[in-house]
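The values are calculated or read from the model by the stated rules, or taken from the named source; none is laboratory data. Predicted model only: the values in this text are computed from it and were never measured. Heavy atoms of the whole protein, side chains included, go into the accessibility calculation; ligands, DNA and RNA do not. Shrake-Rupley method; radii C 1.70, N 1.55, O 1.52, S 1.80 Å.
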Amino acid sequence: LYYEAMLASVYKIRSNLSEIVPGYTPDRGYELAGFAWHQGWNDGCNATMAAEYESNLANLIRDVRADLGVPNLPVSIGVSGMNGWHPHDPKQTTIVNAQLAVANATRYPEFEGTVASVETRDFYREAKPSSPGDQIYHWNNNCESYWRIGQAMGEAMIDLIRKNIKSIEEKPLRETNGCG
């Protein structure tokens with residue numbers, strides 16, 4: 001359900017870019033340059049879902065790339081570090097380990113250079129009075145935590161995009177017979 005809704009949203013936006021982006025004209029084209037993923041708390045509340053998270057996340061990346069038609073779409077994953085370095089539940093640790101694993105080129109060679117997992121556990125802040133809320137699954141509503149997560153994920157995305165551009169530039173030009 002949520003996956004289909006996400007795709008529907010992307011398709012709708014792509015078909016209405018001139019209404020959404022000021023000054024956009026279809027002749028300019030567009031590029032889906034990356035996909036950011038920061039999710040996992042609910043999966044870490046159930047042992048079966050936590051155990052399946054790594055394979056599900058790898059399949060999500062494959063499906064998003066296939067369904068959006070971008071085979072090497074860069075993916076930046078912010079791990080579910082909302083418990084900091086002292087998680088109260090081993091299922092949550094399973095989720096974080098799964099999120100880190102999908103960016104491991106030894107385990108997932110197909111994702112090498114196109115998937116990055118970002119460590120976020122340092123961004124945890126205690127609940128009140130350090131944060132305005134006490135919902136750990138929402139980082140205790142701490143703006144600094146959100147800011148640092150977004151900044152780290154954005155920096156990881158920039159690195160992935162730069163690597164992708166560099167690998168394209170390093171590919172030798174195809175030789176032709178002079179006919180193009």
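Within the chain, the ratio Rg/Rh, alpha carbon atoms throughout and Rh by Kirkwood, equals 1.04. Taking each DSSP H run with n ≥ 4 as -39500 (n - 2.57) and averaging over every residue of the chain yields -14500 deg cm²/dmol at 222 nm. Seen from all directions on average, the stretch 83-122 presents a Cα convex hull projection of 3.0 nm². Highest GNM mean-square fluctuation among 148, 162, 14, for the chain modelled with Cα contacts below 10 Å: 14. When both the stretch 1-70 and the stretch 118-171 are represented by their alpha-carbon centers, they are found 18 Å apart. Per-atom-type breakdown for the chain gives carbon and sulfur 54% of the accessible area (1.4 Å probe, protein chains only). In the stretch 11-107 the Cα-Cα distances spread across 10 Å bins starting at 0 as 14, 37, 25, 17, 7, 0 percent of all pairs.
The HN-Hα couplings worked out from phi for the stretch 13-27 by the Karplus form 6.51 cos²θ - 1.76 cosθ + 1.60 (θ = phi - 60°) are 5, 4, 7, 10, 4, 5, 8, 9, 9, x, x, 6, 10, x, 5 Hz, whole numbers, x standing for Gly and Pro. Rounded, prolate or oblate: pick one for the stretch 66-159, where a ≥ b ≥ c are the square roots of the eigenvalues of its C-alpha gyration tensor, a/c under 1.5 means rounded, and failing that, prolate if a/b is larger than b/c, else oblate. Prolate. For the chain, the per residue solvent-accessible surface stands at 63 Å², with DNA, RNA and ligands left out and a 1.4 Å probe. Looking at the chain as a GNM with Cα springs under 10 Å, which of 102, 79, 64 has the largest mean-square fluctuation? Looking only at 102, 79, 64, the biggest GNM fluctuation is shown by 64. The stretch 27-82 gives an Rg/Rh value of 1.08, both radii derived from C-alpha positions and Rh following Kirkwood.
Taken along its three principal axes, the alpha carbon spread of the stretch 1-58 comes to 49, 20, 15 Å, from the longest extent down to the shortest. Computed over the alpha carbons of the stretch 56-102, Rg followed by Dmax gives 13.1, 40 Å.
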